[in-house]
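Student: The structure that follows is given in the form of structure tokens.
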Amino acid sequence: MLFFKTKKPEPSNDSEASQDNIDLQIINKMNQEFAVSLDLDETLNTALKLIIDRLNAQAANIFLINNKTKKFECIASQNQEHLDEYQLDLKDGVMGKAVEQKKCIRVGDVRKDVREIAEFYFDLDNKTNFTTFSVLCSPLVAANNCIGVIHCLNKKTNDKLFKEDDRKLLELLSTPAALAIRNAKMAQEMIEQNKMQKEVEIVGEIQKSLLSSNKKEPFPLAGINIPAKVISGDFYNFNDLGDGKYGFGVADVSGKGIKSSLLMSKASSLYSCLSKTNFSPAELLIQLNNEICETISRGMFVTMLIGIYDSNTKELLLANAGHEPPIILNDKNEFSNFNESGPPLGIVKKTKYEEYKIKFENSSMYIFTDGITEIKNPEGEELGSEGFQNYITKYKDKPNNERLKLIIDNIMSYKYIQKDDLTIVVLDSKN
């Protein structure tokens with residue numbers, strides 16, 4: 001279970017702080033290299049090399065699920081031979097358990113494990129001329145679908161056994177790897193259909209897969225994104241953190257085109273990884289800003305609002321990096337804004353961001369990008385904040401998912417001219 005905290009715990013010593021920094025650099029390196037590669041083989045081997053080095057493992061491989069044959073297929077391997085000659089059943093060994101449970105599994109010592117696990121590895125060792133002592137296996141989960149596993153064998157230590165910390169680390173590293181592999185698979189399939197024309201569409205599909213999927217009521221968060229073109233510079237993500245708490249982030253990258261979409265992909269991947277372990281909106285913005293500043297092109301920046309909603313205390317914890325002030329509607333039909341903000345991400349490294357706690361009950365909050373308020377009608381008049389509020393009031397009693405679609409559909413039905421991406425995320429306080 002995750003527990004709410006406003007600041008990330010301080011490492012207990014300089015060694016832990018240094019190791020945390022190294023791990024963050026590895027995640028960032030993975031995201032950077034994956035962002036520029038849509039080649040599946042290159043993506044797979046890059047992921048394996050980074051992971052095997054960090055875990056100090058003797059061997060590692062990636063098995064993807066063949067949806068036609070319903071088998072595991074080894075499509076990348078380091079330091080273990082002949083695996084590409086075999087197809088393994090989806091229920092086999094630790095790999096089958098990792099997929100079934102959708103969590104990273106550690107077998108500390110294969111020889112002391114249950115009979116079927118030991119027999120599976122004895123049989124596989126005979127086929128591959130390898131001796132397995134200890135195993136880590138993490139599912140590759142992207143967009144709630146398990147596409148395969150990362151399989152690590154034997155730590156390069158005297159006892160050759162992985163520890164619990166190794167399991168946690170592989171679980172963390174497998175998130176960007178899964179996204180990259182899924183994106184590369186999508187890219188490969190689309191490029192084969194129509195190479196030149198499909199490349200831009202691929203980026204658009206990848207971006208859609210990075211957005212959170214809306215859930216059935218009574219989930220308090222819902223989002224909608226309508227790109228102005230095939231690709232978008234907007235991003236949103238929300239998650240159930242457990243114990244009645246929900247995390248969310250909304251971002252808008254400056255500019256348009258491929259550069260902006262790649263920066264959006266980087267920012268969203270970093271957020272998806274870091275938000276799983278850091279539950280302070282301000283600290284998250286500080287981390288994201290420092291990482292984005294390292295590689296951002298001149299003149300580009302990212303506005304972003306991050307929040308955590310606690311449905312038990314009816315409180316919101318918010319931090320804003322130059323994003324549009326969200327609109328809040330209470331049960332008396334009164335509108336207000338959250339106006340506190342720091343500078344956008346990617347402008348000044350080591351910027352300090354503040355977070356604010358506000359009461360939030362019997363209300364709805366709308367976080368949006370400027371494409372909503374700046375959209376113009378045929379006469380050149382912007383919808384503006386007041387026009388947007390009129391639509392919010394009109395559909396306030398509808399379920400959140402349906403409400404957002406009705407707002408967008410009605411705006412477009414009045415022939416407003418869309419020149420920018422339209423993104424809205426709504427948060428309803430839970431009674």
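Student: Run MET365 past the list (1) open to solvent by 10 Å² or more (accessible area, probe 1.4 Å); (2) closer than 18 Å to ASN225 by Cα; (3) part of a strand (DSSP E or B) and report the number of the one that doesn't hold.
Tutor: Unmet condition: (1).
Student: Which number in (1) among the small types (Gly, Ala, Ser); (2) within 18 Å of CYS146 (Cβ to Cβ); (3) in contact (Cβ under 8 Å) with a residue 60 or more places away in the chain marks the one condition that ALA98 misses?
Tutor: Condition (3) is where ALA98 drops out.
Student: Given the criteria of a type in the set (D, E, K, R), over 24 Å from the mean Cα position of the chain (by Cα) and closer than 25 Å to LEU422 by Cβ, does GLU324 qualify?
Tutor: Working: of a type in the set (D, E, K, R): yes; over 24 Å from the mean Cα position of the chain (by Cα): no; closer than 25 Å to LEU422 by Cβ: yes.
Against the criterion (of a type in the set (D, E, K, R), over 24 Å from the mean Cα position of the chain (by Cα) and closer than 25 Å to LEU422 by Cβ), GLU324 does not qualify.
Student: Then there is this: Of all residues in the stretch 89-105 being open to solvent by 10 Å² or more (accessible area, probe 1.4 Å) and touching a Pro at 6+ places or on another chain (Cβ under 6 Å), which is nearest to PHE120 (Cα to Cα)?
Tutor: Among those that are open to solvent by 10 Å² or more (accessible area, probe 1.4 Å) and touching a Pro at 6+ places or on another chain (Cβ under 6 Å), it is VAL99.
Student: Let me ask something else. Is it the case, given these coordinates, that LYS276 is open to solvent by 40 Å² or more (accessible area, probe 1.4 Å), in a loop (DSSP other than H, G, I, E, B) and over 22 Å from VAL426 (Cα atoms)? Give the derivation first.
Tutor: Details: open to solvent by 40 Å² or more (accessible area, probe 1.4 Å): yes; in a loop (DSSP other than H, G, I, E, B): yes; over 22 Å from VAL426 (Cα atoms): no.
Criteria not met by LYS276.
Student: Next question. For the condition closer than 30 Å to SER209 by Cα and touching a residue at least 24 places away in the same chain (Cβ under 8 Å), what is the one hit in ASP109, ASP92? Talk me through it step by step, then tell me what you get.
Tutor: Working: ASP109 fails: closer than 30 Å to SER209 by Cα.
Checking each option against the conditions leaves just ASP92.
Student: Now a separate question. Please find, among ASN183, ASN154, ASN225, ASN194, the residue that is touching a Ser or Thr at 6+ places or on another chain (Cβ under 8 Å), over 15 Å from ILE65 (Cβ atoms), modelled with pLDDT under 80 and open to solvent by less than 70 Å² (accessible area, probe 1.4 Å). Outline the logic, then answer.
Tutor: Values: ASN154 fails: modelled with pLDDT under 80; ASN225 fails: modelled with pLDDT under 80; ASN194 fails: touching a Ser or Thr at 6+ places or on another chain (Cβ under 8 Å).
It is ASN183.
Student: Does ILE75 fit the bill of being open to solvent by 60 Å² or more (accessible area, probe 1.4 Å), touching a helix residue (DSSP H, G or I) at 6+ places or on another chain (Cβ under 7 Å) and within 23 Å of ASN183 (Cβ to Cβ)? Walk me through it before giving the result.
Tutor: Values: open to solvent by 60 Å² or more (accessible area, probe 1.4 Å): yes; touching a helix residue (DSSP H, G or I) at 6+ places or on another chain (Cβ under 7 Å): yes; within 23 Å of ASN183 (Cβ to Cβ): yes.
So ILE75 passes the test.
Student: Further question on the same structure: Give the stretch 322-362 a look and list any residue that's part of a strand (DSSP E or B) and either open to solvent by 60 Å² or more (accessible area, probe 1.4 Å) or not small (Gly, Ala, Ser) (or both), or say none. Please lay out each step first, then the result.
Tutor: Taking the stretch 322-362 as the starting set, the residues that turn out to be part of a strand (DSSP E or B) are 327-330, 335-337, 342, 345, 356-359.
Of everything in the stretch 322-362, those that are part of a strand (DSSP E or B) and either open to solvent by 60 Å² or more (accessible area, probe 1.4 Å) or not small (Gly, Ala, Ser) (or both) turn out to be ILE327, ILE328, LEU329, ASN330, PHE335, ASN337, LEU345, TYR356, LYS357, ILE358, LYS359.
Student: Of the numbered conditions (1) surrounded by fewer than 23 Cβ atoms within 10 Å (Cβ to Cβ); (2) touching a Ser or Thr at 6+ places or on another chain (Cβ under 8 Å); (3) part of a helix (DSSP H, G or I), LEU169 satisfies every one except a single condition; which is it?
Tutor: Condition not satisfied by LEU169: (2).
Student: Among residues belonging to the stretch 308-321 that are out of contact with any Gly (no Cβ under 7 Å at 6 or more places or on another chain) and outside any strand (DSSP E or B), point out the one that is surrounded by the fewest Cβ atoms within 10 Å (Cβ to Cβ).
Tutor: Of the stretch 308-321, the ones out of contact with any Gly (no Cβ under 7 Å at 6 or more places or on another chain) are 309, 313-315, 319.
Add one more test, that the residue is outside any strand (DSSP E or B), and what stays is 313-314.
Details: THR313: 14, LYS314: 16.
Checked the stretch 308-321; the qualifying residue surrounded by the fewest Cβ atoms within 10 Å (Cβ to Cβ) is THR313.
Student: For SER261, state whether it is in a helix (DSSP H, G or I), of a type in the set (Ser, Thr, Tyr), touching a Gly at 6+ places or on another chain (Cβ under 8 Å) and at pLDDT below 90. It would help to see each step written out before you state the result.
Tutor: Details: in a helix (DSSP H, G or I): yes; of a type in the set (Ser, Thr, Tyr): yes; touching a Gly at 6+ places or on another chain (Cβ under 8 Å): yes; at pLDDT below 90: yes.
So SER261 passes the test.
Student: So is ASP166 at pLDDT below 90, more than 17 Å from the chain's Cα centre (by Cα) and charged (D, E, K, R) or not?
Tutor: Details: at pLDDT below 90: no; more than 17 Å from the chain's Cα centre (by Cα): yes; charged (D, E, K, R): yes.
When the stated conditions are applied, ASP166 does not pass them.
Student: Conditions first: (1) at pLDDT below 80; (2) open to solvent by less than 70 Å² (accessible area, probe 1.4 Å). THR69 passes all but one, so which condition is the exception?
Tutor: (1)
Student: Could you tell me whether the stretch 406-420 includes any residue that is open to solvent by less than 10 Å² (accessible area, probe 1.4 Å), in contact with a Lys or Arg (Cβ under 9 Å, 6 or more places away or on another chain) and outside any strand (DSSP E or B)?
Tutor: Yes, some residue in the stretch 406-420 is open to solvent by less than 10 Å² (accessible area, probe 1.4 Å), in contact with a Lys or Arg (Cβ under 9 Å, 6 or more places away or on another chain) and outside any strand (DSSP E or B).
Student: From (1) under 27 Å from the mean Cα position of the chain (by Cα); (2) open to solvent by less than 10 Å² (accessible area, probe 1.4 Å), pick out the condition that doesn't hold for LEU83.
Tutor: Looking at each condition in turn, LEU83 falls short on (1).
Student: Also, quick follow-up: In the stretch 228-245, how many are open to solvent by 30 Å² or more (accessible area, probe 1.4 Å), part of a loop (DSSP other than H, G, I, E, B) and at pLDDT 85 or above?
Tutor: 1
The values are calculated or read from the model by the stated rules, or taken from the named source; none is laboratory data. None of these values were measured; they are calculated from a predicted model. Positions of Cβ are backbone-derived with ideal geometry, glycine not excepted, and every protein chain shown enters the neighbour counts. The protein model used for the area step is the full one, side chains on, heavy atoms only, and it has no ligands, DNA or RNA in it. Shrake-Rupley method; radii C 1.70, N 1.55, O 1.52, S 1.80 Å.
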